[in-house]
Amino acid sequence: MKTALIVGATGLIGGHLTRKILNLPTYSKIKVLVRKPLDFQHPKLEQIIINFDNFDKLLLVADDVFCCLGTTMKQAGSKEAFYKVDFTYPFEIAKAALQNGAKQFLIVTAMGAEAKSMFYYNRVKGEIEKTLTDLNFPTLLIFRPSLLLGERKDSRAGEGFATIIMKAFDFLTPKKYKAIKGETVANAMLDLAQKGIIGKQIFESGEMQAFSS
């Protein structure tokens with residue numbers, strides 16, 4: 001029986017992942033790193049309230065780490081704040097978890113992630129992928145979804161309109177670029193975490209569509 005650690009449990013993907021993983025017999029304990037308590041409890045769930053800018057690294061003990069952290073430039077308010085959420089926090093958490101014996105690290109980045117991209121968003125996503133690769137986890141699984149579908153606690157400007165357009169032209173859109181449900185990404189992460197994959201593997205949005213429930 002293993003322990004899982006989830007970062008970003010209050011987000012679209014992380015919310016689905018947290019509720020689903022509690023039903024998996026593979027894990028005897030589910031730890032979530034949160035700024036404030038979740039609105040539900042479970043016998044297997046351990047909520048760790050932390051300040052992401054200053055946390056006790058000894059708390060990050062788990063076999064499998066699921067990182068679903070992410071924000072937008074508008075929500076963050078600046079490039080520096082965005083970088084902190086999408087690069088610094090995942091990196092510090094990954095480094096601490098690896099030092100504490102974690103075997104698998106699974107992270108959601110984005111379609112088009114590329115460390116040399118001319119687009120800042122994609123560049124930061126690519127940089128965190130590269131940095132995590134350099135940590136040499138026994139298993140590193142990277143998930144690159146396209147536009148995410150699903151109900152969010154926070155609305156993101158532009159995504160509502162983009163969702164309408166992508167749904168309207170879904171039949172014309174190549175599989176790789178189709179919008180994908182946050183729940184489907186969560187399903188893919190949970191399923192692939194059980195496969196015993198060794199080394200680094202990247203899953204593009206089109207590949208994850210097969211895990212739609």
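The values are calculated or read from the model by the stated rules, or taken from the named source; none is laboratory data. These numbers were taken from a predicted model, which means no experiment stands behind them. Note: ideal-geometry Cβ built from the backbone for every residue, glycine included; neighbour counts use all protein chains shown. What goes into the accessible areas is simple: the full protein's heavy atoms, side chains included, and nothing from ligands, DNA or RNA. Shrake-Rupley method; radii C 1.70, N 1.55, O 1.52, S 1.80 Å.
Structure summary
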{"quantity": "Placed amide H near L149: partners under 5 Å, 5+ positions off or other chain", "calculated": "I180, K181, G182"}
{"quantity": "Helical contribution to [θ] at 222 nm, DSSP H n ≥ 4, -39,500 (n - 2.57), averaged over the chain, rounded to 500", "calculated": "-9500 deg cm²/dmol"}
{"quantity": "Stokes-Einstein D (µm²/s) once Rh is taken as the Kirkwood radius of the range 5-79 over alpha-carbon pairs, at 10 °C in 1.306 mPa s", "calculated": "120 µm²/s"}
{"quantity": "Relative contact order (%) - criterion: Cα under 8 Å, at least six apart; region: the chain", "calculated": "19 percent"}
{"quantity": "Per-residue SASA entry for R35, accessible area with 1.4 Å probe, Å² rounded to 10", "calculated": "150 Å²"}
{"quantity": "With Cα atoms, 0 to 90° folded angle of helix 159-168 axis to the chain main axis", "calculated": "60 degrees"}
{"quantity": "Fraction of accessible area attributable to carbon and sulfur, the chain (%, probe 1.4 Å)", "calculated": "55 percent"}
{"quantity": "Candidate lysines for bridging to K178, where Cα separation is under 29 Å - those fewer than 8 sequence places away on the same chain excluded", "calculated": "K20, K74, K79, K84, K116, K125, K130, K153, K167, K195, K200"}
{"quantity": "Charge dipole magnitude, Cβ of K and R +1, D and E -1 - the chain, Cα centre, debye nearest 20", "calculated": "140 debye"}
{"quantity": "Two-decimal Rg to Rh for the chain - Kirkwood Rh, Cα set", "calculated": "0.94"}
{"quantity": "Surface per residue (accessible, 1.4 Å probe) for the chain, Å²", "calculated": "50 Å²"}
